[in-house]
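Everything below concerns the one structure shown next.
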Amino acid sequence: MTKAQADELSRARMYALLGKLAPLIFLLALVIIFASLQPRFLLPLNLFNILRQVSIYGIIAIGMTFVILIRGIDLSVGALVAMSGLCAAVVAKGGIEGRFMLSADGSGYHWALAALAAILAGTVAGLLQGMAVAWLSVPAFVVTLGGMTVFRGIALTIGNGGPISGFDEAFGWWGRGMIGPVPVPVLIFAAVALIAWVVLTQTRFGRAVYAVGSNPDAARLSGINVSGVTLSVYALIGFCSGLGGFVLASRLNSAEAVAGTGYELTAIAAVVIGGTSLYGGTGGVAGTVIGALLTGVLLNGLVILNVSPYTQQILVGLIIVAAVAFDHFIKRQSR
Amino acid sequence: MLKRTFLLAASGLALAGALGLPAAAEPKGKDAEVTILVSPLTFAFPHFVFLTDELKDEANKLGGVTIVVADGQLSAPKQIADIEAAIVQGVDGIILAPVEADALAPVVQQAIDAGIAVVTVDRPVNGVPDVLANVAADNFKGAEAQGEAVVKAFPDGATIVNLQGIPGDKTANDRNGGAHKVLDAAGEKYVFVAEQAGNFSRDKGLEVTENILTGLAEVPQVIIAANDDMALGAAQAVDARGLKGKVAIYGYDGSEDALKAVKSGDLAATVDQFPGLQGRTAVSTLVAFIREGTRPESAEVLVAPVAITADNLDQAERVGQIGE
Amino acid sequence: MSHPSSPPGKDQQKPGRASSPGALPSAPGSDAAPGSAPRSAPGVTAPLLEARGFVKRFFGVTVLDGVSLSLAPGEVRALLGENGAGKSTIINLLSGVHQPDGGMLLLDGAPVRFTRPLEADHAGISVIRQELSLFPDLSVAEAIFAGHLPLNRLGLVDWRQMREAARKALARLGLEIDVRAPVASLSIAHQQMVEIARALTRKSRVVIMDEPTASLSPNEVAHLGEIIAQLSAGGVAVLYVSHRLDEIRAFCRTYTVLRDGKAVSAGLVSETDIPSLIRDMAGREVEIGAAGAARQPGAPVLELQHLASVPGGRGGQRVRDVSLVVRAGEILGLAGIVGAGRTETARMIFGLDPVGSGEILLNGRPFRAGSPAAAMAAGIGYVPEDRKGLSILPDRSVAENFALTGAVPAGPLGWNDRPGEAKALAGFVQRLGIRAASLRAPITTLSGGNQQKVILARWIALKPKLLIIDEPTRGIDVGAKEDVHSLIREIAAGGVAVLLISSDLPEVLALSDRIVTLREGETTSEQPAADATSEGLMARMTRHG
């Protein structure tokens, strides 16, 4: 091997390593800053708070990772969270008086059915969007921008604009319960992240996702069903949004049409902060988890320091841009 | 755009003329059929859903009143377009909760010029003196009632967490201002230990409260929230920390969920602005004018907000809907 | 493309097999015939641009170690070296993309330091890059003038003047295309010509050409030779980077060979020969163009009968009437100039484009692949021409790039058989001599030649019955080229039917058993490779009648 090749290689290795570590370094720096300004930040209670707060949009960000890996985008996730949460609520309550009567005596159904309803609603909605993107070649931005309005509208229709609240204990456990010291949503997030990581790194499907994002033409020429992958990925983020909607309804003990507002941007931010390229093909679940944590730490830390809400908006924006700039700076150094 | 608006308005006027409607409408008569366009801010807020539902119910009671509803979708252009369409269709009256007080003024003036009576509800439009009435509750006054409820319950002072609405939003500012006015005036024994934006949403209210409770060394005595959703989110966070009953939480809006929570003790109080009453008043005022030409005594029909606690729960408008 | 009417000396300039001596283009006004007098050697005329002792390090690794080279006005210097030898780094230093860590750059004898590419550009140094840097959505005229749009008196873009100038610049290159067409609609060869036109319009003093002929057809290459001669006659210095040694002999007066970041030899092209250049580059003996053992063709695997593409697509009906047979165990060379419909034929066979009319027979039975997956299931493999655009996953590892076609079956639930894949790849690494320090590093860390070997391995591992290989050695270095050639021979010897598409006539002649020529979408001849010559093939690829 020539020196030049050796150089190329060592640069590539440094690129790979630092590229992965950049978001983590930034996260740790942020934690250190907050902890030094307010020691209570490091209380276990607060750390679990952060994890719990991160978990719902974290679940969605995991789905968003797949979408962005294939150079797509999904703006409808926030609306899907609201819609699927209301689906779960309607089933859990056995319907809404005067609108839907799902059970004859007006009693609710088991939480499992409610969860299924939310997940099914999310997945089907995602699948429909995937069809439009993959088969009709409508840009994902447009499809999901439309979806955002449609699903929000369906959510308003289901709840007639108002919230549906008050579920049984078993339903509420999924959002508010604990296993030992660990909140249940955190465990769900961890499970979703782990499964997604395995799928992306160890299976044919994961490889196809990276291939489609890295070079769709090459993927097609290598026999990969690009439309099929696209479709599955949008169904997958629909699934994640449905699951997130169910957990959010459980956590809030209420489902409403305005729930999940802005989740799409938080999820996209988590993915991008985590080092997944908006141009597709590089990145992964591990980065997204760190990106989600970083977002969570940021929002939590600023509130704990009682920073004025006006100033907060400035800081959040600046820090997100700084995090991504830091990531890109390190990657460019090794290009 | 401007040109099109003008053309639309002009054709609306022409149509009105062709149908023989005079620019200043004469009373139509006691039992005349009346068509009214209702354009609430958005149906995404239960407040307006309830307001519209009650308004329709009142219209039914009056009889012979057709209500056409157009969702404002928090968009001034949407509302403008809806009103322009209504002018063309030749409705008799318009009830409007304007998204923007200034942006809606010209089209409201056009409607009035075309002989259509206009009542604003929940919030006024700016600079159109010919609006028949503005039926509203004052957010600032309501927040004062919220603050007074706190002072009444904690005469010796309290540590207070303040959950604000969307930063920069007018309602958020008014409610924040009203509460501050009362509590700041009540002396230094009332301390705001944390003030954060919860963006009027339940999940954000929950998250922010969780974070505040962790960040504070001592548990606050009071949480005031600029709407019920945030208050209910805060109640979740307080419950999760095992502090239920130790923190008094004050909501705002008098929503069903909040009333239930007041009843169960999860919330200390909420503020009822009586949206249903606003809706009923708006439609009855408008129909009375269209049919009989009677004007309200004042163009400002103010509904006084009331802080609802467990003691005066029966005063709440939606208490009938929360069951036993 | 229309053939240039009759430029003087065209036939001599045509790069044939290595034997062609190639009369150097010497336009009127050129100071000297090559090699005739020492006064034309660098150093006598004051250099226009000179690099002295260039050193460049990345992360402590030295990529350039004291390289000097100079360009006098009108000089055409070849820069040779295998991929990774440091050629790109020199180009980047001369054009201000990077700054040297040691040594100095002199322009007209005075030290200069370019901190940005724009500064080099303003100093009259243009680079025609191997990777097309054009803006695909711009029109041809806009692309040519991007960054220096002509303005009228009102300070607005003077579109009329711009289009006219663009047309003229392209006409100088013998290219007649609609300058309002978007660049993306052009073939790669034409895009490259546009890139050259871009440098021409900038009135550059130094033009650096990085592999300019990688995707040009032979007569386009010949034409480029004329352009270079013109530039040289006008006093422009040219640094010509290419792997094609016959071109270097034909176009260049002086040369510099790089190996491992050092200049290992330099001098006058007329005083060296191709074998010694190759030796300098590779550091070992490499034989080029050696014919393989005779192969015994078997039964027909692929048969095309009057195949035509769908009329009215972009660029018109590219394939009109193509008939050919490829047998098991033979290599059929498909020769034609750019635009003749070679790649389009391959795409139809592989199920990428719809078939207009005609028949495709696979193993004697009519066959239509609805998708690449279906074609693969039927035993067809396709190595596309545009490696960067259509083959590699740039961000992914070597191992993943290899495994993409799923040649090693996955376990239950689609679980990747990583050990199985690693084992298969290790076999290919050894067999094909793939040089990669890590198979888990991105494939872009490999040289072009090694990338191509990985792509070939991707397809060979599928054990296809028919392998279509489109431009297998474009832009890869000499040593790797010969490796790829012997690999292709080996595939055929293993009983695979190989359809070889190449613009490199020496390559087609060296590898094929039979050669079919295409012209404007029609087959014009078929003959055993043993009977074919460059000149004869050229004639059938270009002339009517």
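The values are calculated or read from the model by the stated rules, or taken from the named source; none is laboratory data. These numbers were taken from a predicted model, which means no experiment stands behind them. A quick note on method: Cβ atoms are made from the backbone with ideal geometry, for glycine too, and the neighbour counts reach across all protein chains shown.
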Review point. Can you name the residue in segment A:155-171 that is in a helix (DSSP H, G or I) and surrounded by 20 or more Cβ atoms within 10 Å (Cβ to Cβ) and is also modelled with the lowest pLDDT among such residues?
Key: A:G159
Point to revise | Out of A:I25, A:I73, A:I32, A:I60, sole residue that is surrounded by 24 or more Cβ atoms within 10 Å (Cβ to Cβ) and either at pLDDT 90 or above or assigned to a helix (DSSP H, G or I) (or both) | key: A:I60
**Study point:** strands (runs of 3 or more DSSP E) wholly inside segment C:487-545 containing at least 1 residues that are without any contact (Cβ under 8 Å) to a residue 60 or more places away in the chain
**Key:** C:522-528
Review point. Pick from segment A:280-313 the residues that are among the polar types (S, T, N, Q) and closer than 22 Å to A:P39 by Cα: which of them is farthest from the other protein chains (Cβ to nearest Cβ)?
Key: A:T295
Exercise for review: Taking C:L456 as the residue in question, decide whether it is more than 27 Å from A:Y279 (Cβ to Cβ), buried (at least 18 other Cβ atoms within 10 Å of the Cβ), more than 8 Å from chain A (Cβ to nearest Cβ) and modelled with pLDDT under 90.
Suggested key: no
Check your understanding: Here is a list of conditions, (1) modelled with pLDDT under 90; (2) within 14 Å of chain A (Cβ to nearest Cβ), and B:P77 meets all of them except one; can you say which number that is?
Key -> (2)
Check your understanding: Restricting the search to segment B:87-104, which residues are among the small types (G, A, S) and at pLDDT 90 or above?
Key -> B:G93, B:A97
Practice item. Determine which single condition B:G245 fails, assuming it passes every other condition in (1) more than 9 Å from chain A (Cβ to nearest Cβ); (2) of a type in the set (G, A, S); (3) crowded, with 24+ Cβ neighbours inside 10 Å. Key: (3)
**Study point:** Boolean, C:D395 is among the charged types (D, E, K, R), outside the structural domain of C:T523 (by TED's automatic domain parsing) and within 26 Å of C:T473 (Cα to Cα)
**Key:** yes
Check your understanding: Assuming A:T230 fulfils every condition listed in (1) free of Cβ contacts under 8 Å to residues at least 24 places away in the same chain; (2) of a type in the set (S, T, Y); (3) farther than 30 Å from A:M101 by Cβ apart from one, which condition is it?
Key -> (1)
Check your understanding: Can B:A143 be described as part of a helix (DSSP H, G or I), buried (at least 17 other Cβ atoms within 10 Å of the Cβ) and in contact with a Lys or Arg (Cβ under 9 Å, 6 or more places away or on another chain)?
Key -> yes
Exercise for review: Scan C:N416, C:N401 and give me the residue that is over 25 Å from the mean Cα position of the chain (by Cα), buried (at least 20 other Cβ atoms within 10 Å of the Cβ) and at pLDDT 85 or above.
Suggested key: C:N416
Review point. Would you call B:D31 at pLDDT below 90, touching a Lys or Arg at 6+ places or on another chain (Cβ under 9 Å) and not aromatic (F, W, Y)?
Key: yes
Point to revise | Hits in segment C:353-387 (condition: facing chain A (nearest Cβ under 9 Å) and not in a strand (DSSP E or B)) | key: C:S371, C:P372, C:A373, C:A374, C:A375, C:M376, C:A377, C:P384, C:D386
Review point. Does B:D156 satisfy the condition of being part of a loop (DSSP other than H, G, I, E, B) and either touching a helix residue (DSSP H, G or I) at 6+ places or on another chain (Cβ under 7 Å) or not hydrophobic (A, V, I, L, M, F, W, C) (or both)?
Key: yes
Practice item. Check A:F205 against each of (1) within 14 Å of chain C (Cβ to nearest Cβ); (2) among the aromatic types (F, W, Y); (3) surrounded by 24 or more Cβ atoms within 10 Å (Cβ to Cβ) and name the one condition it does not meet. Key: (3)
Review point. In segment A:101-126, how many are surrounded by fewer than 17 Cβ atoms within 10 Å (Cβ to Cβ) and within 21 Å of the chain's Cα centre (by Cα)?
Key: 2
Review point. Among (1) out of contact with any Leu (no Cβ under 7 Å at 6 or more places or on another chain); (2) within 14 Å of another protein chain (Cβ to nearest Cβ); (3) aliphatic (A, V, I, L, M), which single condition is A:A218 missing?
Key: (1)
Check your understanding: strands (runs of 3 or more DSSP E) wholly in segment C:204-273 with at least 3 residues that are surrounded by fewer than 23 Cβ atoms within 10 Å (Cβ to Cβ) and on the phi > 0 side of the Ramachandran plot - which ones?
Key -> none
Check your understanding: Is at least one residue of segment C:421-442 touching a Pro at 6+ places or on another chain (Cβ under 8 Å), more than 9 Å from every other protein chain (Cβ to nearest Cβ) and either among the β-branched types (V, I, T) or part of a helix (DSSP H, G or I) (or both)?
Key -> no
Review point. Within segment C:390-413, which residues are part of a helix (DSSP H, G or I) and either among the hydroxyl-bearing types (S, T, Y) or closer than 15 Å to C:P372 by Cβ (or both)?
Key: C:L390, C:S391
Check your understanding: Here are B:K170, B:K204, B:K189: which of them is within 26 Å of the chain's Cα centre (by Cα), charged (D, E, K, R) and either on the phi > 0 side of the Ramachandran plot or surrounded by fewer than 17 Cβ atoms within 10 Å (Cβ to Cβ) (or both)?
Key -> B:K170
Review point. Scanning segment B:89-103 for residues that are part of a loop (DSSP other than H, G, I, E, B) and over 20 Å from the mean Cα position of the chain (by Cα), which turns out nearest to B:V287 (Cα to Cα)?
Key: B:D92
Exercise for review: Determine which member of the set C:A437, C:A422 is small (G, A, S) and either at pLDDT below 85 or over 25 Å from C:A377 (Cα atoms) (or both).
Suggested key: C:A437
Point to revise | Residues that are closer than 30 Å to A:D217 by Cα and not small (G, A, S), drawn from segment A:269-316 | key: A:V271, A:V272, A:I273, A:T276, A:L278, A:Y279, A:T282, A:V285, A:T288, A:V289
Review point. Any residue in segment A:89-97 that is crowded, with 24+ Cβ neighbours inside 10 Å, out of contact with any Leu (no Cβ under 8 Å at 6 or more places or on another chain) and closer than 19 Å to A:R152 by Cα?
Key: yes
Review point. Which is hydrophobic (A, V, I, L, M, F, W, C), assigned to a helix (DSSP H, G or I) and in contact (Cβ under 8 Å) with a residue 60 or more places away in the chain, of A:A125, A:A132?
Key: A:A125
Review point. Going by the structure shown, is C:M348 over 30 Å from C:A530 (Cβ atoms), buried (at least 19 other Cβ atoms within 10 Å of the Cβ), at pLDDT 90 or above and within 14 Å of another protein chain (Cβ to nearest Cβ)?
Key: no
Point to revise | Tally of residues being within 14 Å of chain A (Cβ to nearest Cβ), of a type in the set (A, V, I, L, M, F, W, C) and over 27 Å from B:A240 (Cα atoms) across segment B:152-208 | key: 0
